[in-house]
Amino acid sequence: MNNLKNILITGGCGFIGSNLCKKLIQDENNFIICLDSNFTSSTDNISNLINNPRFKFVKHDIIEPIEINKKIDEIYNLACPASPKKYQGKNAIYTTKTCVFGAINILELAKKNNAKILQSSTSEIYGDSREHPQKENYFGNVNPIGPRACYDEGKRCAESLFFDYKRIYNLEVKIVRIFNTYGPLMDIEDGRVISNFICQALKGNNLTVYGDGSQTRSFCYIDDLIDALIKTMNTKKEFSGPINLGNPIEYTINEIAESIKNKINNKINIIYMPLPVDDPHKRKPDISLAKKELNWKPKISLDKGLDLTISYFKNKLN
Ligand code: UDP
């Protein structure tokens, strides 16, 4: 077990983190340290990994400085509440602290270990975008005092910290801007649109569309995203991004609701509720950079991804 690559995944019990743990542990050269505060997750998602000798769970909040008694080779910083329902409101200040204090603590750990470090940034840094689709060189349109700002500005500040650590300490950093992602291991209570609609339909409840449902998002299936994260970590040293990761096929929220209703239960209704403040109108990644640098594009269609996600939630709800 001496020559293993030690990979630290913060937020390792969350939706993306646990899928990444599952994937990376398949490589017998990897030792996975999964770090999580379990603020919006539990160890349920990693219960199948916990007995693996190449896996270790550490309960810790990245808001506090981090010490790991192993030489770390790579870090994926995925820790942060990520659903609007979870990151706003009473959790808003905690969210900013996770983004900013968390980035500083994890960057310090990377510096001490001379580890490569990948930051999960977000399409939210573009805010209610005035450019469409969004390219990495667009600076965004974020309301700095709105209810989403804790997450959007927190993640923007984290990007700036990552680039400062690169400039000042020559640290190898990678920034990915993740667009809407869905799939197995999402929490039933997550609050984001696809898990909400699927769980509502499976329970025979009405689907809750916010606003008039004409707003758009582009949804990437989790396995495609995981491939892209690993490919980004393996890019050449000079490459830091930021790089958009997502599926560029755009749908209105009404189309998503219709599609899930048709797949699960045609008898339920779609009901309309108020649109949350600052909810972006349109979102679609330009992924030319990912195609060029990673030789990557999403492979799994929405139709197939929804079927896989529906069967996951069916099992979970039973
Ligand atoms: N949304 C919705 N019903 C829900 C949850 C979300 O209509 O039950 C809408 C939300 O207002 C937004 C879109 O779906 O326009 C995507 O929301 P989500 O929370 O999944 O992610 P976001 O892209 O806003 O971070």
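Quick notes on this structure:
- Lone unmet requirement of (1) surrounded by fewer than 23 Cβ atoms within 10 Å (Cβ to Cβ); (2) in contact with a strand residue (DSSP E or B) (Cβ under 7 Å, 6 or more places away or on another chain) for S123: (1)
- When N105 is tested against the conditions (1) touching a Cys at 6+ places or on another chain (Cβ under 9 Å); (2) away from the ligand (no atom under 16 Å from the Cβ), the lone failure is (1).
- Qualifying residue in the stretch 44-63 (condition: within 16 Å of the ligand (Cβ to nearest atom), modelled with pLDDT of 95 or more and buried (at least 23 other Cβ atoms within 10 Å of the Cβ)): no
- In the set E67, E28, only one residue is touching a helix residue (DSSP H, G or I) at 6+ places or on another chain (Cβ under 9 Å) and surrounded by fewer than 19 Cβ atoms within 10 Å (Cβ to Cβ); that residue is E67.
- Evaluating N69 against the criteria (1) touching a Ser or Thr at 6+ places or on another chain (Cβ under 8 Å); (2) modelled with pLDDT under 95; (3) not in a helix (DSSP H, G or I) leaves one unmet condition, (1).
- Some residue of the stretch 72-94 being away from the ligand (no atom under 16 Å from the Cβ), touching a residue at least 24 places away in the same chain (Cβ under 8 Å), over 24 Å from F179 (Cα atoms) and within 20 Å of the chain's Cα centre (by Cα): no
- Flag: I188 matches the condition of being open to solvent by 30 Å² or more (accessible area, probe 1.4 Å) and either within 15 Å of the ligand (Cβ to nearest atom) or closer than 24 Å to T252 by Cβ (or both).
- Restricting attention to the stretch 244-292 and to residues that are open to solvent by 60 Å² or more (accessible area, probe 1.4 Å) and aliphatic (A, V, I, L, M), the residue that is farthest from the ligand (Cβ to nearest atom) turns out to be I249.
Matching residues to (1) within 11 Å of the ligand (Cβ to nearest atom); (2) closer than 20 Å to L245 by Cα; (3) open to solvent by 10 Å² or more (accessible area, probe 1.4 Å); (4) part of a helix (DSSP H, G or I):
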{"position": "S129", "(1), (2), (3), (4)": "no, yes, yes, no"}
{"position": "H132", "(1), (2), (3), (4)": "no, yes, yes, no"}
{"position": "G146", "(1), (2), (3), (4)": "no, no, yes, no"}
{"position": "G154", "(1), (2), (3), (4)": "no, yes, no, yes"}
{"position": "F163", "(1), (2), (3), (4)": "no, yes, yes, yes"}
{"position": "K166", "(1), (2), (3), (4)": "no, no, yes, yes"}
{"position": "R177", "(1), (2), (3), (4)": "no, yes, yes, no"}
{"position": "P184", "(1), (2), (3), (4)": "no, yes, yes, no"}
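- Residue, nearest to the ligand (Cβ to nearest atom), within the stretch 191-241, restricted to residues that are farther than 22 Å from K22 by Cα and free of Cβ contacts under 8 Å to residues at least 24 places away in the same chain: N196
The values are calculated or read from the model by the stated rules, or taken from the named source; none is laboratory data. Since we're looking at a predicted model, the values are computed, not measured. Cβ atoms come from the backbone with ideal geometry, glycine included; neighbour counts cover every protein chain shown. SASA here: full protein model, heavy atoms, side chains in, ligands and nucleic acids out. Shrake-Rupley method; radii C 1.70, N 1.55, O 1.52, S 1.80 Å.
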